[in-house]
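Report on the following structure.
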Amino acid sequence: MDEKNMEKVSSSDMIKNPYVLEFLGLQWPTGYSEIEIESAIINNLQSFLLELGKGFSFVGRQYRIKTDTKVFYIDLVFYNYILKCFVLIDLKINELTHQDIGQMDMYVRMFEDLKKTEGDNPTIGIILCAEKDHTIVKYSILEENKQLFASKYRLVLPTEEELRAELEREKQLIREQIAKEK
């Protein structure tokens, strides 16, 4: 990617949905914890970086960020040298909740205030969740905030039937968005 094209890339161009994490070797849909997913990602970091997309470099796991009164730990932190920004990832084994969104919003705001340096673009937050309810997304800050994303992950490639259903669902969402804009 040349210098001119790098300037035209937006954060939404770089965030996938869903992420296919089949290379982690975790069984679906048996129970697993967020720490097990995190450990599997770290053990397969090269493959995970390739799944994330272009320009990602690993910064830390359980990245400690401290305020005057509290300490928080962000599951995974990356830096994207194409977007010139930090990318925070929070892993969730269940369906996305408004609490998850609020937590990531706080992490991004803290990172902006405490870690971002001159020349960095705004920090991006990605919540990787097993499922996401589009109503929660619609009525949360995810709808307005161009730096926060909720992406589903899959531990196995979807079946043809699941792909068709997902395409139909996405088409319907696009139709609704077009109708809303008119």
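Numbers at a glance
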| read-out | value |
| --- | --- |
| Check on residue 59, β-branched (Val, Ile, Thr) and touching a Ser or Thr at 6+ places or on another chain (Cβ under 9 Å) | no |
| Filtered residues of segment 37-79 (kept if in contact with a strand residue (DSSP E or B) (Cβ under 7 Å, 6 or more places away or on another chain), surrounded by fewer than 18 Cβ atoms within 10 Å (Cβ to Cβ) and among the small types (Gly, Ala, Ser)) | 57, 60 |
| Options 132, 116, 182: the member that is among the basic types (Lys, Arg) and at pLDDT 85 or above | 116 |
| Any hit, segment 90-100, residues being assigned to a strand (DSSP E or B), at pLDDT 90 or above and either over 16 Å from the mean Cα position of the chain (by Cα) or acidic (Asp, Glu) (or both) | yes |
| Residue pairs meeting the criteria (Cβ under 6 Å; at least 6 apart or on separate chains; first on the phi > 0 side of the Ramachandran plot, in segment 79-106; second among the basic types (Lys, Arg) and part of a helix (DSSP H, G or I)) | none |
| Identity of the residue in segment 51-87, among the aliphatic types (A, V, I, L, M) and under 14 Å from the mean Cα position of the chain (by Cα), that ends up modelled with the lowest pLDDT | 52 |
| Residue selected from segment 135-162 under the condition farther than 18 Å from residue 174 by Cα, at pLDDT 75 or above and within 15 Å of the chain's Cα centre (by Cα), by the criterion surrounded by the fewest Cβ atoms within 10 Å (Cβ to Cβ) | 147 |
| Residue selected from segment 104-120 under the condition part of a loop (DSSP other than H, G, I, E, B) and either among the charged types (D, E, K, R) or under 22 Å from residue 51 (Cα atoms) (or both), by the criterion farthest from the chain's Cα centre (by Cα) | 118 |
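The values are calculated or read from the model by the stated rules, or taken from the named source; none is laboratory data. Computed from a prediction, not measured in an experiment: that's the story for all the values here. Cβ: placed from backbone, ideal geometry, glycine included. Neighbour counts: every protein chain shown.
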